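*Asks:* Sharing a structure below in structure tokens format, with a few things to ask.
The values are calculated or read from the model by the stated rules, or taken from the named source; none is laboratory data. Keep in mind the model is a prediction, meaning the values are calculated, not measured. Here Cβ is always computed from backbone atoms with ideal geometry, including for glycine, and neighbour counts include all displayed protein chains. In case anyone asks, the SASA skips ligands and DNA or RNA and just uses the protein heavy atoms, side chains included. Shrake-Rupley method; radii C 1.70, N 1.55, O 1.52, S 1.80 Å.
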Amino acid sequence: MPAYATNMRFKFPILALTLEIITIILYAVFVVYDDGKSSHHDDHSNKTEHDSNPLSLYPMFQDVHVMIFIGFGFLMTFLKRYGFSSVGINLLLAAFGLQWGLLLQNFWHMEDGKIKVGIVNMINADFSTATVLISFGAVLGKTSPVQLLIMTLLEITTFAINEHIVVEILKASDIGASMTIHAFGAYFGLAAARMLYRPALRNGHENDGSVYHSDMFAMIGTVYLWMFWPSFNSAIAEPGFPQLVAITNTYFSLAACALSAYATSSLVEHNGKLDMVHIQNATLAGGVAVGTCANMTIGPFGAMVIGLLAGIISTLGFKFLTPILASSLGIQDTCGVHNLHGMPGILGGLAGIVAAALGKLQGGDPTKQAAGLASSLGFALVGGAITGLIMKLPFWSQPPDQNCFDDSIYWEVPEEEDDNEESLAHGDHSKNKTEP
Amino acid sequence: MPAYATNMRFKFPILALTLEIITIILYAVFVVYDDGKSSHHDDHSNKTEHDSNPLSLYPMFQDVHVMIFIGFGFLMTFLKRYGFSSVGINLLLAAFGLQWGLLLQNFWHMEDGKIKVGIVNMINADFSTATVLISFGAVLGKTSPVQLLIMTLLEITTFAINEHIVVEILKASDIGASMTIHAFGAYFGLAAARMLYRPALRNGHENDGSVYHSDMFAMIGTVYLWMFWPSFNSAIAEPGFPQLVAITNTYFSLAACALSAYATSSLVEHNGKLDMVHIQNATLAGGVAVGTCANMTIGPFGAMVIGLLAGIISTLGFKFLTPILASSLGIQDTCGVHNLHGMPGILGGLAGIVAAALGKLQGGDPTKQAAGLASSLGFALVGGAITGLIMKLPFWSQPPDQNCFDDSIYWEVPEEEDDNEESLAHGDHSKNKTEP
Amino acid sequence: MPAYATNMRFKFPILALTLEIITIILYAVFVVYDDGKSSHHDDHSNKTEHDSNPLSLYPMFQDVHVMIFIGFGFLMTFLKRYGFSSVGINLLLAAFGLQWGLLLQNFWHMEDGKIKVGIVNMINADFSTATVLISFGAVLGKTSPVQLLIMTLLEITTFAINEHIVVEILKASDIGASMTIHAFGAYFGLAAARMLYRPALRNGHENDGSVYHSDMFAMIGTVYLWMFWPSFNSAIAEPGFPQLVAITNTYFSLAACALSAYATSSLVEHNGKLDMVHIQNATLAGGVAVGTCANMTIGPFGAMVIGLLAGIISTLGFKFLTPILASSLGIQDTCGVHNLHGMPGILGGLAGIVAAALGKLQGGDPTKQAAGLASSLGFALVGGAITGLIMKLPFWSQPPDQNCFDDSIYWEVPEEEDDNEESLAHGDHSKNKTEP
């Protein structure tokens, strides 16, 4: 591939501005403020009308917002030379995704031809971007911003269809979205990654790894996700007791998961040491896995068992499964989303089936739950594969193999050293932006 | 200037302690808790009495608090050797500023000679510090903590006068403070920067630039500002629907702004690459520009148009206008506050005039809006110029040209390397604080 | 000590999983959701039944959550080679501690043999972990994760006993926990550190210091603690006016403290420079010191005086007392918790005695307050000494002296340089995890 092919000077701005202008036109036609004057219908849960204060969920919205932009963004900054893209493209994709998601999620139930925007829609819009950010983790470092904007458009569209089917038609319960967001996002991304398989990266890439302080930046993402996950799983739960249950279950699942992730990491690592990859990711699996049954009365004890298992499965996945996926199946999963969102998402779906069978949710039905899981996986795999094929078209400014995992292909990158003396010592000032 | 002139051992502690002790005495005389027993009057908006819970705005206060201390603080850490000052002096100035601001903003409407403190006053006090932190961005790296404390004192005083005139006398609406905070803070800082012009820095300074991980720290600031801006623009809006409108408008303006900032950055940069300076700043211009009319019913579509324009204008400003300001007008604007707060602030003021003319705010009046904008710019330019002249007096421990943008002139700075082994390899241990 | 003795491959996983499984069993037996159907009794304050919304304190809970996991975690990342442990082990200890704390704090007042979990218990559970994280600061870098899990178990147990005595039996008021958390955690940790004294570290250790960007990471912790401290001190205060008073007092105490910490740092440092150690820590002392009397009507002015004193005392402690403690008493206090939590905690306890004597709290009693302080110090010193002796047993995988303050003994640590080219230039790739 010739070097100039990666130049995105016109492709990217034209695509981004076109998408934004189309979106603005659609908003001009369809979107108005929610004046609270009619009963609205929320497409992500079976909750009833919220209390009279239109801002009662605003603090939870902001927690979710932090998870999307700081949590996902910084979690991916563990790569040594890809921090700008991780946090920066995360912002770009989520900023577009929330606008697009809000439109698609609400096309199903407009009132008088209008979508009414309030805090609940904004929470759901943020949720819809999470699918893209999960898939972004699978293809991180091997895709251009142009490709990723296309993925955002297609994935959120697929997500909105599947979510509508799972929640509105199949009537499955998925309050914390283990199935419709986590499993969906992971398998969508893995299917796309399979299509984008790069044989030349089979033996790794020198930039596909962390350095000390990039791991520290990633921990910012991890800890924010860990702290605010109770808000993610409860934000659209029915107010009052069900919402408290969702918070409590998630809090305890994550606490138990942290212990099992640390223990398992030490058990499988050389000399009993802890591995940052496990800590950054597997400690969060409890939040994913308890999602579907977060609002079910499984007991704090039940939530902790789910978290414990999720931490173990996720850590083992990073250690043993990810290398096999890459070498045998051609699935190069940069962030290991299969271990954080894929398997724990399925575990969450299964837990939901069991909990529904045990009568832990009023009106829950294990068959509907199973159908919801199957639908999510099906849409993810098919949608991800098709999207991957489209992303594979050769004119989206994708990076050549040797420039993968490197910000400098799409970003102006300053000199690389911490201090000036250092780069002086190397006699190379050519990348210093402050030079005339 | 002799080297010892920068020693602030007595000047700084004496100034800081004197200011604090005077403040404490004034608080002892004037400030009491708000027991909610009388109607209070809020000096920053036309909102009516809040609901009965005195803490209903506390979550929004904390969002604003994060913007002030994390958002502004880390946004300025992009400089390679100036992170301690950026986040540390930001904390110092805001900690003093909020105490001073609370006094001055409420001197206008005391009850029985007392200022009653509640959450709304604390939000407004935090707001008043934002003006100083914006101006700090213009003079960043070229001023001493002594000078900056003086600027804080004078700028907040000027701000309180202008805000009183704009909101209480001219009756202009400026809910998100595009005019009274953003444009004011920017032009105050630029006027001061003009007075403090340093010809020797005309061709740049080796420390006036970023390194890879200083840009990452700055992104923490950017993302927090981006996420919590809806709280900034809505915190003191009338509860209920107007507050929801302010949140929604800001959310969408920022989303659209992100897309246009990314697109424009790629369009104007070499090889279509993205520039971190643009991403760190111009993505936020939508929050500034939608401020004045955040609580007006301009529609999500209207907010997005404002955000789209703001992102473009701000990015173009960084690329083309900042170099001209420095070379032709002698305005050295370290953080480019003209592009993030100045022009978008004026855009916000103009949007407010148009929105008022279109009847988007009950009781809005375009003439009053225009007068509010003019007043803000006038006070900013005159106040900033006078403050700059005072800051120019030669005994405030200001840094010599060659030590600009360098923490080590005012801070004990540890060795510069990531690891000890490294600096051992370079044979230089002299800066290691742990050495005996 | 032979090198293999630090291998924690079996000790750590077995201990962590055993503790977690025992905890889960206890939860299965004792812990249920709080369905709000009976009057509950809060063990940390004298507050009455909260309002009907079970989530009204959730935003404050999340603020406290951020302080525990981001605040404490990142505050300790100032060490150049110990960031993984600081933020990672902080997460581990707090995740276990909150589960354990919730059990122990509520054993005293179960209803029908059950502990009912709601937001207030979760806040208190988070609080209980703060004692451990404070003590962690004293022994940071010189202990293994195995030792620290044992400390967590024993310290939270001791804390729960003392807290019950102070609040329920002695009826002392300690809303912001200056005595029961801060002074307790500090002196517990210092007593343990005394038992774990390492003579070989008497002259310092090359890794016991910061580098530029580790100080920046630490500032993330500092600023979050500073911002959210009003939530810490008010979270379990009686709703309404008392909670507002607690917020206001803490806000002003911290603002005044910031000024005095900066001023004192410049006054005592070489050439009037600021010292990051002081800024990272002493700026927070105002939050500690105002804790006990946060909900007392001491006036904003009174809070500011407390903050002013705390900032001065804390800074002077770092400068003059810490070296003496280490050299004369054999107390090696890595993070200086004596200066941030110990002395300011005692100051807070004393301020509470004075405020109670002055009638600033309805029903307050200086004698009870003094008894509460004495009890907290007594339990801390005795409990900490015994815990330290247990931690000293030679089979807990503790680090040898030369490997103190070094993540690589318990963590897989990536190559140390910012960029790959760098370490290539140095011809050393041995630590690069991405190598085959």
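*Asks:* Give B:Asn281, B:Asn271 a once-over and let me know the one that is polar (S, T, N, Q) and more than 11 Å from chain A (Cβ to nearest Cβ).
*Replies:* Numbers: B:Asn271 fails: more than 11 Å from chain A (Cβ to nearest Cβ).
That would be B:Asn281, the only listed residue that is polar (S, T, N, Q) and more than 11 Å from chain A (Cβ to nearest Cβ).
*Asks:* Here's another thing I want to ask about it. For region C:203-210, does any single residue satisfy the condition of being farther than 19 Å from C:Ser376 by Cβ, open to solvent by 10 Å² or more (accessible area, probe 1.4 Å) and part of a helix (DSSP H, G or I)?
*Replies:* Within region C:203-210 (the criterion being farther than 19 Å from C:Ser376 by Cβ, open to solvent by 10 Å² or more (accessible area, probe 1.4 Å) and part of a helix (DSSP H, G or I)), the answer is no, since none of the residues qualifies.
*Asks:* I'd like the full set of residues that are among the β-branched types (Val, Ile, Thr) and in contact with a Lys or Arg (Cβ under 8 Å, 6 or more places away or on another chain), limited to region A:236-263. Spell out how you get there, then give the answer.
*Replies:* Step one: list which residues in region A:236-263 are among the β-branched types (Val, Ile, Thr), which gives A:236, A:245, A:247-248, A:250.
Answer for region A:236-263, where residues must be among the β-branched types (Val, Ile, Thr) and in contact with a Lys or Arg (Cβ under 8 Å, 6 or more places away or on another chain): just A:Ile236.
*Asks:* Just wondering, is there one or more residues in region C:220-233 that are facing chain B (nearest Cβ under 8 Å), open to solvent by less than 10 Å² (accessible area, probe 1.4 Å), touching a Phe, Trp or Tyr at 6+ places or on another chain (Cβ under 7 Å) and at pLDDT below 95?
*Replies:* No, every residue in region C:220-233 fails to be facing chain B (nearest Cβ under 8 Å), open to solvent by less than 10 Å² (accessible area, probe 1.4 Å), touching a Phe, Trp or Tyr at 6+ places or on another chain (Cβ under 7 Å) and at pLDDT below 95.
*Asks:* Take region C:356-377 and flag every residue that is surrounded by fewer than 24 Cβ atoms within 10 Å (Cβ to Cβ), in a helix (DSSP H, G or I) and touching a residue at least 60 places away in the same chain (Cβ under 8 Å). Explain how you work it out, then say what you get.
*Replies:* Step one: filter region C:356-377 for residues surrounded by fewer than 24 Cβ atoms within 10 Å (Cβ to Cβ), giving C:356-368, C:370-371, C:374-375, C:377.
Applying the additional criterion that residues be in a helix (DSSP H, G or I) yields C:356-357, C:366-368, C:370-371, C:374-375, C:377.
Of everything in region C:356-377, those that are surrounded by fewer than 24 Cβ atoms within 10 Å (Cβ to Cβ), in a helix (DSSP H, G or I) and touching a residue at least 60 places away in the same chain (Cβ under 8 Å) turn out to be C:Ala356, C:Lys368, C:Ala371, C:Ser375, C:Leu377.
*Asks:* Right, something else. Tell me, yes or no, whether region B:158-179 has at least one residue that is open to solvent by less than 10 Å² (accessible area, probe 1.4 Å), closer than 22 Å to B:Leu17 by Cα, in contact with a Ser or Thr (Cβ under 9 Å, 6 or more places away or on another chain) and part of a helix (DSSP H, G or I).
*Replies:* The answer is no; no qualifying residue exists.
*Asks:* Name every residue in region C:188-202 that is in contact with a helix residue (DSSP H, G or I) (Cβ under 6 Å, 6 or more places away or on another chain) and in a loop (DSSP other than H, G, I, E, B), in order of residue number.
*Replies:* Once the filter is applied, which keeps residues that are in contact with a helix residue (DSSP H, G or I) (Cβ under 6 Å, 6 or more places away or on another chain) and in a loop (DSSP other than H, G, I, E, B), region C:188-202 yields C:Leu196, C:Arg198.
*Asks:* Find all pairs meeting these conditions: Cβ atoms under 6 angstrom apart; at least six residues apart or on different chains; first residue within region B:310-333 and without any contact (Cβ under 8 Å) to a residue 60 or more places away in the chain; second residue of a type in the set (S, T, N, Q).
*Replies:* B:Gly311/B:Ser260; B:Ile312/B:Ser260; B:Ile312/B:Thr264; B:Ser314/B:Asn339; B:Thr315/B:Thr264; B:Thr315/B:Ser265; B:Gly317/B:Asn339; B:Phe318/B:Asn339
*Asks:* Something else now. Looking for whichever is facing chain C (nearest Cβ under 10 Å), open to solvent by less than 10 Å² (accessible area, probe 1.4 Å) and touching a residue at least 40 places away in the same chain (Cβ under 8 Å) here; the options are B:Ile134, B:Ile119. Which one fits?
*Replies:* Of B:Ile134, B:Ile119, the one residue that is facing chain C (nearest Cβ under 10 Å), open to solvent by less than 10 Å² (accessible area, probe 1.4 Å) and touching a residue at least 40 places away in the same chain (Cβ under 8 Å) is B:Ile119.
*Asks:* OK, next. So, B:Asn162, is that one without any contact (Cβ under 8 Å) to a residue 24 or more places away in the chain and farther than 30 Å from C:Gln243 by Cα or not? Break it down stepwise before answering.
*Replies:* Details: without any contact (Cβ under 8 Å) to a residue 24 or more places away in the chain: no; farther than 30 Å from C:Gln243 by Cα: yes.
For B:Asn162, the condition - without any contact (Cβ under 8 Å) to a residue 24 or more places away in the chain and farther than 30 Å from C:Gln243 by Cα - is not met.
*Asks:* Let me ask another. Scan region B:201-222 and give yes if some residue there is more than 30 Å from A:Phe78 (Cα to Cα) and free of Cβ contacts under 8 Å to residues at least 40 places away in the same chain, otherwise no. Full working, then the answer.
*Replies:* First, the residues of region B:201-222 that are more than 30 Å from A:Phe78 (Cα to Cα): B:201-205.
Now drop any that are not free of Cβ contacts under 8 Å to residues at least 40 places away in the same chain, which leaves B:203-204.
So far as region B:201-222 goes, yes, one or more of its residues are more than 30 Å from A:Phe78 (Cα to Cα) and free of Cβ contacts under 8 Å to residues at least 40 places away in the same chain.
*Asks:* With B:Gly383, B:Gly352, B:Gly345 as the choices, which residue is assigned to a helix (DSSP H, G or I) and either under 30 Å from C:Ala263 (Cβ atoms) or modelled with pLDDT under 95 (or both)? Let's see the steps before the verdict.
*Replies:* On the way: B:Gly352 fails: either under 30 Å from C:Ala263 (Cβ atoms) or modelled with pLDDT under 95 (or both); B:Gly345 fails: either under 30 Å from C:Ala263 (Cβ atoms) or modelled with pLDDT under 95 (or both).
After ruling out the rest, the residue left standing is B:Gly383.
*Asks:* Now a separate question. Go through region C:1-30 and count every residue that is open to solvent by less than 80 Å² (accessible area, probe 1.4 Å), under 30 Å from C:Arg198 (Cβ atoms), of a type outside the set (A, V, I, L, M) and modelled with pLDDT of 85 or more.
*Replies:* 3
*Asks:* Within region A:31-52, is there a residue that is out of contact with any Asp or Glu (no Cβ under 6 Å at 6 or more places or on another chain), within 11 Å of another protein chain (Cβ to nearest Cβ), crowded, with 24+ Cβ neighbours inside 10 Å and modelled with pLDDT of 95 or more?
*Replies:* Yes: one or more hits.
*Asks:* Residue by residue through region B:103-116, note down the ones that are open to solvent by 10 Å² or more (accessible area, probe 1.4 Å) and of a type in the set (A, V, I, L, M).
*Replies:* Residues satisfying the conditions are B:Leu104, B:Met110.
*Asks:* So, one more: Answer yes if at least one residue in region B:251-262 is without any contact (Cβ under 8 Å) to a residue 12 or more places away in the chain and either hydrophobic (A, V, I, L, M, F, W, C) or farther than 15 Å from B:Thr297 by Cβ (or both), and no otherwise. Break it down stepwise before answering.
*Replies:* Let us first name the residues in region B:251-262 that are without any contact (Cβ under 8 Å) to a residue 12 or more places away in the chain, namely none.
Taking every residue of region B:251-262 in turn, none turns out to be without any contact (Cβ under 8 Å) to a residue 12 or more places away in the chain and either hydrophobic (A, V, I, L, M, F, W, C) or farther than 15 Å from B:Thr297 by Cβ (or both).
*Asks:* Might you check whether a residue that is surrounded by fewer than 24 Cβ atoms within 10 Å (Cβ to Cβ), facing chain C (nearest Cβ under 9 Å) and part of a helix (DSSP H, G or I) occurs anywhere in region A:241-253?
*Replies:* The initial filter retains those residues of region A:241-253 that are surrounded by fewer than 24 Cβ atoms within 10 Å (Cβ to Cβ), namely A:241-242.
If we keep only those that are facing chain C (nearest Cβ under 9 Å) as well, we get A:241.
Subset that is part of a helix (DSSP H, G or I): A:241.
Yes: one or more hits.
*Asks:* Hey, A:Ser214 hits all of (1) touching a Cys at 6+ places or on another chain (Cβ under 7 Å); (2) at pLDDT 95 or above but one; which does it fall short on?
*Replies:* Only one criterion in (1) touching a Cys at 6+ places or on another chain (Cβ under 7 Å); (2) at pLDDT 95 or above is unmet by A:Ser214, namely (1).
*Asks:* Here is a list: C:Ser328, C:Ser314, C:Ser376. Which entry is under 20 Å from C:Ala138 (Cα atoms) and out of contact with any helix residue (DSSP H, G or I) (no Cβ under 7 Å at 6 or more places or on another chain)? Let's see the steps before the verdict.
*Replies:* Numbers: C:Ser314 fails: out of contact with any helix residue (DSSP H, G or I) (no Cβ under 7 Å at 6 or more places or on another chain); C:Ser376 fails: out of contact with any helix residue (DSSP H, G or I) (no Cβ under 7 Å at 6 or more places or on another chain).
None of the others qualify; the one that does is C:Ser328.
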